[in-house]
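The values are calculated or read from the model by the stated rules, or taken from the named source; none is laboratory data. Values in this document were obtained by computation on a predicted structure and should not be read as measured data. Reconstructed Cβ throughout: ideal geometry from the backbone, glycine too, with neighbour counts over all protein chains shown.
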């Protein structure tokens, strides 16, 4: 018996097994990252197993907490790092000048790995909402793409924070910063970084080379403002379509060229296009604060869309709205049903084919103007973050809202109104969290936290 050969073979086998195990572990670790707005594909779907069914009596475990400055920007999680953007107001000035900053944190410890900052002006923003950036970073391989609240667009190396390229869209495209700030999270598609720029006159949406920052194409005339809704890419009619909902219409573009496939005119008063378009099979749904809801049917054979219904109430108040008047909350389109939060926090269930209201509930979210909740599907249930800082496990059914459990997650710190003389002012949490690697990561204007939802931790 050749013991030397057998020993060498054993060592080789063990090393191979170790290597394979390490690769598989790495794949498992990063298989459920949250690399952009609403997660991979912007779908707000969380697929991990081993997640708590109910919240423990003693509360959830906070893995870490790291101080941050103000901002509505949600975190992105990829390859062991967390990325978030904030804003620090320069107290010595009498105008809304300050510094925006992107932070890279260690996902396991919350340690700040690097930061990059740039000066910015919030002078055109509504004062009550000049808290900080809005857009969620987008991670694509070795690069992270970030958009500031006043039009700065950057690409940085994820390892070091070194700037690869940056574009000041206000200076370069004559962009008018909307009163609630620029909000478009960069959408990386192939070799392109696509974002809503609002450039005059024909550059509402622009595609940049993601490695160089050079403009590749521009599209859509700016009639009023750019709006706030996030662009999404869908596959329909035999082609890939870039869906851009802006203050005058819903537009479908070829994401490679910017060519317009189709447009559905739909005015949004005050340019308030916020909720992300949602799709189920051949149906594409939109909802806005003042203008109600719109349902389109996508053609199977060609890039076209047909209006199924459009419903608008007499006003914004709950007793004046008909179907659904969403603002910040992106609705859920699930089969033949729609679930969403209305203008004053009322949760509604609708018949997707008609827009008719099936039921209402006041349990999930505060019943106040612009009441908000972020809803992420997990199997047959949803994790919901309402604007009071609660984390809720719930189910939405054609018969009604079913709340399974609720716990306090984070303190609300941002302001919801213009001030007490016009609208009710209150503290809110208006940040879309990230669900990654059996944890939730969220922030307010003081801290970013990572909290375990791993059943093995309880």
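Miscellaneous remarks
- Restricting the first member to region 152-165 and to residues that are at positive phi and at pLDDT below 95, and the second to residues that are in a strand (DSSP E or B) and surrounded by 16 or more Cβ atoms within 10 Å (Cβ to Cβ), no beta-carbon pair is closer than 7 Å while six or more apart or on different chains.
- Residues of region 282-314 satisfying the condition of being in contact (Cβ under 8 Å) with a residue 40 or more places away in the chain and outside any strand (DSSP E or B): 282, 289, 299, 300, 301, 302, 303, 304
- Check on residue 284, out of contact with any helix residue (DSSP H, G or I) (no Cβ under 8 Å at 6 or more places or on another chain), crowded, with 20+ Cβ neighbours inside 10 Å and closer than 30 Å to residue 209 by Cα: yes
- Of the listed requirements (1) buried (at least 21 other Cβ atoms within 10 Å of the Cβ); (2) modelled with pLDDT of 95 or more, residue 289 misses just one: (2).
- Under the condition of being at pLDDT 95 or above and at positive phi, the residues counted in region 42-60 number 3.
- Residue match in region 150-163 (condition: within 24 Å of residue 233 (Cα to Cα) and surrounded by fewer than 16 Cβ atoms within 10 Å (Cβ to Cβ)): no
- Tally, over region 149-179, of residues that are touching a helix residue (DSSP H, G or I) at 6+ places or on another chain (Cβ under 8 Å), closer than 16 Å to residue 194 by Cβ and not in a loop (DSSP other than H, G, I, E, B): 1
- Check on residue 144, part of a strand (DSSP E or B), over 18 Å from the mean Cα position of the chain (by Cα) and within 18 Å of residue 81 (Cβ to Cβ): no
- Scanning region 249-272 for residues that are farther than 17 Å from residue 306 by Cβ and either touching a residue at least 40 places away in the same chain (Cβ under 8 Å) or in contact with a strand residue (DSSP E or B) (Cβ under 7 Å, 6 or more places away or on another chain) (or both) yields 253, 254, 255, 256, 257, 258, 259, 268, 271, 272.
- Only one entry in 381, 357 is out of contact with any helix residue (DSSP H, G or I) (no Cβ under 9 Å at 6 or more places or on another chain), modelled with pLDDT of 95 or more and more than 21 Å from residue 292 (Cβ to Cβ), namely 381.
- Hits in region 177-201 (condition: surrounded by fewer than 17 Cβ atoms within 10 Å (Cβ to Cβ) and either modelled with pLDDT under 95 or within 19 Å of residue 132 (Cα to Cα) (or both)): 179, 200, 201
- The listed residues are 346, 399, 411, and the only one of them that is within 24 Å of residue 45 (Cβ to Cβ) and either exposed (fewer than 14 other Cβ atoms within 10 Å of the Cβ) or out of contact with any helix residue (DSSP H, G or I) (no Cβ under 9 Å at 6 or more places or on another chain) (or both) turns out to be 399.
- Candidate set from region 94-124 (those that are over 22 Å from the mean Cα position of the chain (by Cα) and not in a strand (DSSP E or B)); member that is surrounded by the fewest Cβ atoms within 10 Å (Cβ to Cβ): 94
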